[in-house]
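Data block below; observations after.
Only the coordinates and a few stated rules stand behind these numbers; no lab work does. No experiment lies behind these values; they were computed from the predicted model shown. Reconstructed Cβ throughout: ideal geometry from the backbone, glycine too, with neighbour counts over all protein chains shown.
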Amino acid sequence: MKKKMVAALLCMSMVLGITGCGNGNETESSGNAGVQETVSTEESGEKAENEGGGTVTLLSWYTEEQMAPLKDGFEAIAPGYELEIQYVPPTEQYIQKLTLLMNGNEPTDLFFMCPEVKEDVVATDFAEDLSSLPIMDKLSDSAKRTLGVDGKVYGLSLDAWASFIFYNKEIFEQAGITETPGTWDELVADMAKIKELGIDPMTAQSEDAGRLLLGLFASNEASKNPSVEAGLADGSVKFSELYKESMDAWYQDVVEPGYLAQSCLSLTNDQQIEMFVNGQAAMMIGGPWSLPDFAAKNPDLQFGTFGIPGFDGGVMLQGAANVGIGIAKQAKNKAGAEKFMEYLSSDEGVKCWSDIFGNFMNVEGVAYTVDPCLEGFKADVSDGKIYWQTVEWPSSSSVINVYTSSCQSVIAGTSTPDEALAAIDEKFDEILANQ
């Protein structure tokens, strides 16, 4: 099988590097576990050699300082073992390093797995299947799907990121909007009321020009069928067929009336936040990572959140499981790696992870805290009601670039929606031809 190129996604890099906005509390239950497998005589001998302890190596997406509590917790419950953190900065450098390990014979015992390398991990038979871990019974379907294939799970992802629409409560009140929109039509109607005030209904940085469209599609289609885009990988379905209805609605209802202005095409992330916190725009798409900027730039800002609604009111948050930890099949200290996974999937390990990163958790029954404005999304994330297209798309980094530039062209008025869809179809055709 010809191996596919892996590359970094800027948007994922921004999100996955965030440590969140709250500290974790307690976990109620999440069972201790080990990886159950049948091993050869040679592997059994190697495992026996390591059962007394030794160094367990981890190629880490996070720094040694960030991982220190997890290291301390593991070594406290596993005397004789030492967790060695080998930090490589995400995203591009990390993927390059992991790819080298996959192509060589000297992998670390444990590694962080991100969606961008899933295809190569499977193609090279690099990782152990973790689906027998008892914690899988409490892990969200989204987490298992993001780092797994065909019922097998190759990375344990305990937390997730999610994004939604932030709105300015004072502007909504000025426009006479008393409730957050529950359907797409209500959202569009609210945008019209805000536009009448002389305020931009929504702002977005240039690279997020098509995010509202992605969210609309997720709430319309992925909420009913999370595998709706699976056919893109083998060419059995065209992007234009899937996205035609959502694209037309996005263009006719938001772009054409100017509710998402052409000025967004030149905005940076900092500039879009400035517009939102200063009341120049009523809404923006963001996530927990946006909150520190809000507090720093306008601590008196009154804001709330809601998910991007679909035509019928369904909501599927934009988001995905974060990177997870896997075991290399050729791990030198397999026993130590399995021991670490036992700890990571225990009550204590899950709580430690939550305390470190403060993100939404993928594990049912975990008690943790987030900013009050995000509290309403905790159940959706733990239930797996999050969707991020780049997890589903083949060669997603190259596709997202074409998708974004195509949406920018539509907003600029240099392409029609149909021309944009055709350009994205062409990219998928190119990817399939090169497989």
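When the chain is fully extended, how far beyond the present Cα-Cα distance does Gln86 get from Ala230, taking 0.36 nm per residue of separation?
Result: 48.4 nm gained on full extension.
What ranking do Val399, Val122 get, fewest neighbouring Cβ atoms within 10 angstrom at the top?
Val122, Val399
What percent antiparallel are the DSSP beta bridges of the chain, to the nearest 5?
Once the DSSP bridges in the chain are tallied, antiparallel ones form about 65 percent.
I'd like to know which of Ala261, Val366, Trp161 lies farthest towards the positive end of the charge dipole of the chain, counting +1 on Cβ of Lys and Arg and -1 on Cβ of Asp and Glu.
Of the listed residues, the answer is Ala261.
What list of ³J(HN,Hα) values in whole Hz, one per residue of the stretch 222-231 in order, does the Karplus curve 6.51 cos²θ - 1.76 cosθ + 1.60 (θ = phi - 60°) give from phi, with Gly and Pro shown as x?
So the J values, rounded to whole Hz, are 5, 5, 8, 8, x, 9, 4, 9, 4, x.
Placing +1 at every Lys and Arg Cβ and -1 at every Asp and Glu Cβ, with all other atoms neutral, what dipole size does the chain have around its Cα centre, in debye to the nearest 20?
Its charge dipole is roughly 360 debye.
So how tilted is helix 396-412 from the main axis of the chain? Cα-based, degrees 0 to 90, rounded to 10.
Computed tilt is about 10 degrees.
Check Asp159: other-chain or 5+ apart residues with amide H under 5 Å from its amide H, H built from backbone geometry?
Asn322, Asn362
If you take log10 I(q)/I(0) by the Debye sum over Cα atoms at q = 0.06, 0.10 Å⁻¹ from the coordinates, which of [x] -0.23, -0.65; [y] -0.44, -0.86; [z] -0.26, -0.71 do you get?
So the calculated entry is the one marked [z].
Report, in degrees rounded to the nearest 10, the 0 to 90 angle that the Cα long axis of helix 92-103 makes with the longest principal axis of the chain.
40 degrees
Give the distance, in whole Å, between the Cα centre of the stretch 391-435 and the Cα centre of the stretch 248-266.
Their Cα centres are 18 Å away from one another.
Which percentage, to the nearest 5, of the DSSP beta bridges contained in the stretch 57-198 is antiparallel?
25 percent
Return one number: the angle in degrees, 0 to 90 and rounded to the nearest 10, between the long axis of the Cα atoms of helix 64-77 and the longest principal axis of the Cα atoms of the chain.
40 degrees
Whose amide H sits under 5 Å from the amide H of Glu84, counting only residues 5 or more places off or on another chain, with H placed in the peptide plane?
Correct list: Val56, Thr57, Leu58.
In whole Hz, what ³J(HN,Hα) sequence does the stretch 125-130 give by Karplus (6.51, -1.76, 1.60; θ = phi - 60°), x for Gly and Pro?
6, 7, 10, 6, 7, 9
Below 8 Å, C-alpha to C-alpha, sequence gap of six or more: please give me the relative contact order for the chain in percent.
32 percent
With unit charges on the beta carbon (Lys/Arg positive, Asp/Glu negative), name the residue among Ile177, Ile77, Leu100 whose Cα is farthest towards the positive pole of the charge dipole of the stretch 64-179.
Ile177
Taking H as built 1.01 Å from N, whose amide H comes closer than 5 Å to the amide H of Ser223, not counting residues under 5 places away?
Correct list: empty.
Please report Asp129, Asp190 as a ranked list, fewest other C-beta atoms within 10 angstrom at the top and most at the bottom.
The most exposed by this proxy come first: Asp129, Asp190.
Would you mind calculating the gained length between Ala295 and Ala379 on full extension (0.36 nm times residue separation, minus the Cα-Cα distance), in nm to one decimal?
Between Ala295 and Ala379, full extension yields an extra 27.7 nm.
Check the straight Cα-Cα distances from Lys427 and name the lysines below 22 Å, setting aside those fewer than 8 residues away within the same chain.
Lys2, Lys3, Lys4, Lys118, Lys238, Lys244
Straight-line reach only, C-alpha to C-alpha below 24 angstrom: list the lysines that Lys169 could link to, leaving out same-chain residues fewer than 8 apart.
Those lysines meeting the cut-off are Lys193, Lys195, Lys297, Lys378.
Please report how far the C-alpha centroid of the stretch 82-122 lies from that of the stretch 138-197, rounded to the nearest whole angstrom.
Here the two parts' Cα centres lie 31 Å apart.
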